[in-house]
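Below is one structure, written out as structure tokens; comments come after it.
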Amino acid sequence: MNQQMSVREAFIEASSFLKESNNKNTQEPSQVCRWMLEALLEWKHNDFYLRWHEPFPIEKREKWKDMLNRKAKGEPVQYIIGIQEFYGLNFKVTDAVLIPRPETEILVEKMMQECRQLWRDREPVIADIGTGSGIIPITLAVHNPSWEFIAVDISDQAIQVAKQNAKKHNVMNQIEFVQGDLLFPLIENNIEIDVLISNPPYIPSQDMKDLQIEVKDYEPLNALEVGGDGLYFYEKMIKQLSDLPKYPKIVGFEVGQGQAKQVAEWLQSLNHWNEVYIVKDLADIERHVVAIIKF
Ligand code: GLN
């Protein structure tokens, strides 16, 4: 990088550096460079092409080199810039939490619709198990300012990130964060919930090797991997439901490829909900299982 380089030139140089160096990466180099530059320069997304003829600030060169080297080794761009957008909101992410995925937006949307239809006269209490960065309760809270949430995660570091996100979006008063294991904190404290939502780890250990570098070498294993067939957390949570003071009226799970039918069957076999259905994601994969009591 020379002294007088413009942002545009730095962008072109960095994109080709990444193209050559990171053949193990799957994130698109020019897209990644744009995101990293916008974060580094604190530019808004629309500023990029308007401002890219400006000189690249000399004092940011070291930081820029560091970002590029991290990306070249395979780190997800979201951890480098510390942000992932979800449902139109920016969330802080660190390597203690899973990077939010777009398919989870479909679950949030579905839960929002179902809850709004079911509870017209009072506000639901919603539990999110394995909350990670907190995207599920925080997004629902932002859009439904009187709903209440309990967000559980086994990882204290994840809870800390989720709390920061809740503060950032002004919904701390709606969400109680609890460090704990699956439904145990709710069972122990005899807490009644109306809705259970969870996107637990579901990737069987033997499939981990097939994941892209960015995921398997950087995202937290305890948010992704589970032994055996990957169904352990669904089975466990469905069993735990009968230890709650009452069954939730809605259960919504995100599941891995090929897992939806089994999870739906387990839910059906409890004979509690009158509708159990599967929702596909944009890639046409059966991605969510919803059980609901409709009046
Ligand atoms: N609930 C969070 C999300 O959907 C975290 C999920 C996880 O860590 N398995 O992104």
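Within the set of other residues whose C-beta is less than 15 Å from the C-beta of residue 282, count the net charge using Lys and Arg as +1 and Asp and Glu as -1. Don't skip to the end; give the middle numbers.
Values: positive: 101, 110, 280, 287; negative: 103, 105, 109, 254, 281, 284, 286.
After counting each charged neighbour, the total is -3.
About the centre of its Cα atoms, the stretch 112-209 shows a dipole size close to 420 debye [charges on the beta carbon of Lys, Arg (+1) and Asp, Glu (-1) only; nearest 20 debye].
Enter the accessible area per residue of the stretch 147-295 (Å², integer; probe 1.4 Å; all protein chains in place). Mind showing how you got there, number by number?
Details: 7100 Å² over 149 residues.
So the stretch 147-295 comes to 48 Å² accessible per residue, rounded to a whole number.
Surface composition of the stretch 42-147: carbon and sulfur make up 49 percent of the accessible area, probe 1.4 Å.
So how far, in whole Å, is the C-alpha centre of the stretch 197-271 from the one of the stretch 70-116? Spelled out, the Cα-based centre of one part sits 18 Å from the other. Here the ratio of the Cα radius of gyration of the chain to 2.2 N^0.38 Å is 1.11. Farthest toward the positive end of the dipole of the stretch 224-267, out of 232, 263, 248, is the Cα of 248, where the dipole comes from beta carbon charges about the Cα centre.
For the stretch 164-270, what class follows from the C-alpha gyration tensor (a ≥ b ≥ c being the square roots of its eigenvalues): rounded when a/c is under 1.5, otherwise prolate if a/b is larger than b/c, else oblate?
Details: a/c = 2.18, a/b = 1.20, b/c = 1.81.
Note, shape of the stretch 164-270 comes out oblate.
Using the Cα centre as the reference, give the magnitude of the dipole from point charges on the C-beta atoms of the chain (Lys, Arg: +1; Asp, Glu: -1; all else neutral), rounded to the nearest 20 debye.
Values: 32 positive and 44 negative charges, 111 e Å.
My answer is approximately 540 debye.
Farthest towards the positive end of the charge dipole of the stretch 138-212, among the residues 155, 178, 212, is the Cα of 212, using unit charges on the Cβ of Lys, Arg, Asp and Glu.
For the ranges 264-270, 101-107, 134-140, what's the packing order if you count other beta-carbon atoms within 10 Å of each residue, average per peptide, and put the highest first? Could the numbers behind the result be given before it?
Numbers: 264-270: 15.4, 101-107: 18.0, 134-140: 28.1.
So the peptides 264-270, 101-107, 134-140, ranked by packing, come out 134-140, 101-107, 264-270.
A 1.4 Å probe over all protein chains sorts 284, 207, 153 by accessible area into 284, 207, 153, starting with the largest. Modelled this way, with points 7 Å down the Cα-to-C-beta line, the labels at residue 217 and residue 60 are 2.7 nm from one another.
Using the Cα centre of the stretch 49-154 as the reference point, and only Cβ charges (+1 on K/R, -1 on D/E), how large is the resulting charge dipole? Debye, rounded to the nearest 20. Could the numbers behind the result be given before it?
Numbers: 14 positive and 16 negative charges, 96 e Å.
I would put it at about 460 debye.
Springs join every pair of Cα atoms under 10 Å in this Gaussian network model of the chain, and among 46, 274, 165 the largest mean-square fluctuation is at 46. Using 20 Å as the cut-off for backbone N distance, which residues of the stretch 135-178 belong to the label zone defined by a point 7 Å from the Cα of residue 270 along Cα→Cβ? Label zone hits: 137, 148-154. Using the Cβ of residue 181 as centre and a radius below 15 Å, the other residues enclosed give a net charge of -4, where K and R count +1 and D and E count -1.
Tell me whether the stretch 121-195 comes out rounded, prolate or oblate; compute the Cα gyration tensor, take square roots of the eigenvalues as a ≥ b ≥ c, and use a/c under 1.5 as the rounded threshold. Taking the square roots of the gyration eigenvalues as a ≥ b ≥ c, the stretch 121-195 is oblate. Simple rule: put +1 on each Lys or Arg Cβ and -1 on each Asp or Glu Cβ in the chain, find the dipole, and look at 50, 111, 18; the Cα lying farthest toward the positive end is 50.
The values are calculated or read from the model by the stated rules, or taken from the named source; none is laboratory data. Nothing here was measured: the structure is a model prediction, and the numbers come from that model. With ideal geometry, Cβ positions are generated from the backbone for all residues, glycine too; neighbour counts draw on all protein chains shown. Ligands, DNA and RNA are excluded from the accessible area calculation, which covers all protein heavy atoms including side chains. Shrake-Rupley method; radii C 1.70, N 1.55, O 1.52, S 1.80 Å.
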